[in-house]
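These notes are about the structure you will find just below.
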Amino acid sequence: MSSLLGDRRAYAALGAAAVAIATLPTIYLALKATFKSKRVEGQYTSREFVLAAGAVPFQFDAFGTPKRVLLAHHAPLGAWLLSKGRKDEGEDLATAATREVFEETGYPCRLHPVPNLPTCAPLPAELVGTDPQPHSTRIALNSTEPFMITLRPIAFGMLKLKLIFWYIGAVDVPYDEASASSEMGGVQPGTHQIAEGFDEVRLFDIEEAIEKLAFDGDRDLVRTAVSILTAKP
Ligand SMILES: *[C@@H]1O[C@H](CO)[C@@H](O)[C@H](O)[C@H]1NC(C)=O
């Protein structure tokens, strides 16, 4: 009797071990996929990469707290989007980012100096001399460096790679706490709004903007920008 019980226990243990071993490849593949999706290797010629830039255009209150985000509604996609686009030949990425906001929303946008921005960019030699600087991430003060990038294969898989550099922007529209999410004026002259299919522009409170945005990537950009802007030094 007791030996039968012992056998059963042994079988149960064997079964559990078999299940654990059978699961290992799945766990391994899942972990590998996680790392792989974050890793890009290789070299791309100028035929094979596209440089783009965009901004999260915030409306700040008088104390510099981010309050609202300016979004443009793209009629053909039926979606609220952050503004971004390819940089022009000879244009720098930061200029492209704010130009795209203007073209797609009709509202001028400037780069916002972020009080405490984590960055891997070294300080310029004029400030710190020529000694080598550590490779660790540091907190830059009042920086307008990009706060995020998106890497995206385009053209049927890996034939081309798109790099989108994201900046934190500010729109110069005074913040009025009393007004609900404000509808902005219609299409502005000198923009690409009509040509690119944008039919509505709105300043949404941050939480509402995150709800309205159609794509996970855009929501992640707003959340990350807000957490950087509101982090204590
Ligand atoms: C950063 O900007 C704030 C607000 O304008 C200012 O008070 C502060 O002195 C600036 N700090 C640096 C290091 O530029």
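Derivation of every value follows stated rules applied to the coordinates shown; laboratory data play no part. Quick caveat, the model's predicted, so the values are computed rather than measured. Positions of Cβ are backbone-derived with ideal geometry, glycine not excepted, and every protein chain shown enters the neighbour counts.
A few comments on the model shown:
- Top of ALA79, ALA97, ALA17 by mean-square fluctuation, Gaussian network on the chain, Cα under 10 Å: ALA17
- Candidates ILE139, ILE206, ILE21: whichever shows maximal mean-square fluctuation once the chain is modelled as a Gaussian network with Cα springs under 10 Å: ILE21
- Between the listed residues LEU159, ALA52, HIS112, the Cα displaced farthest toward the positive end of the dipole of the chain, a dipole computed from Cβ unit charges relative to the Cα centre, is found at LEU159.
- Using only alpha carbons, the chain has a radius of gyration to Kirkwood radius ratio (Rg to Rh) of 1.16.
- Summing Cβ point charges (Lys, Arg +1; Asp, Glu -1) relative to the Cα centre of segment 79-170 gives a dipole of roughly 380 debye.
- Among THR45, THR130, THR65: highest mean-square fluctuation, GNM of the chain, C-alpha pairs under 10 Å: THR130
- Relative contact order of the chain, pairs being alpha-carbon contacts under 8 Å that are 6 or more residues apart, as %: 26 percent
- Number of Lys pairs (Cα under 21 Å; 8 or more positions apart or on different chains) in the chain: 12
- Residue among ILE210, ALA12, SER143 farthest towards the positive dipole end of the chain, charges placed on Cβ: ALA12
- Dipole magnitude (debye, nearest 20) for the chain, charges at Cβ of Lys, Arg, Asp, Glu: 1300 debye
- For the chain, the longest principal axis of the alpha carbon atoms and the long axis of helix 2-38 meet at an angle near 20°.
- Neighbour count of at most 10 Cβ within 10 Å plus DSSP loop: longest chymotrypsin sites (Phe, Trp or Tyr not before Pro)-free window in the chain: 64-155
- Computed from Cα atoms, the angle from the helix 93-105 axis to the main principal axis of the chain rounds to 70 degrees.
- Using just its DSSP H runs of length 4 or more, each adding -39500 (n - 2.57), the chain gives a mean residue ellipticity at 222 nm of -10500 deg cm²/dmol after division by all residues.
- Options THR65, ILE21, SER83, ranked by Cα towards positive dipole end of the chain, top entry (Cβ charges): ILE21
- DSSP-defined beta bridges in the chain - what % are antiparallel, rounded to 5: 75 percent
- The C-alpha atoms of the chain define a longest principal axis, and helix 216-230 lies at about 70 degrees to it.
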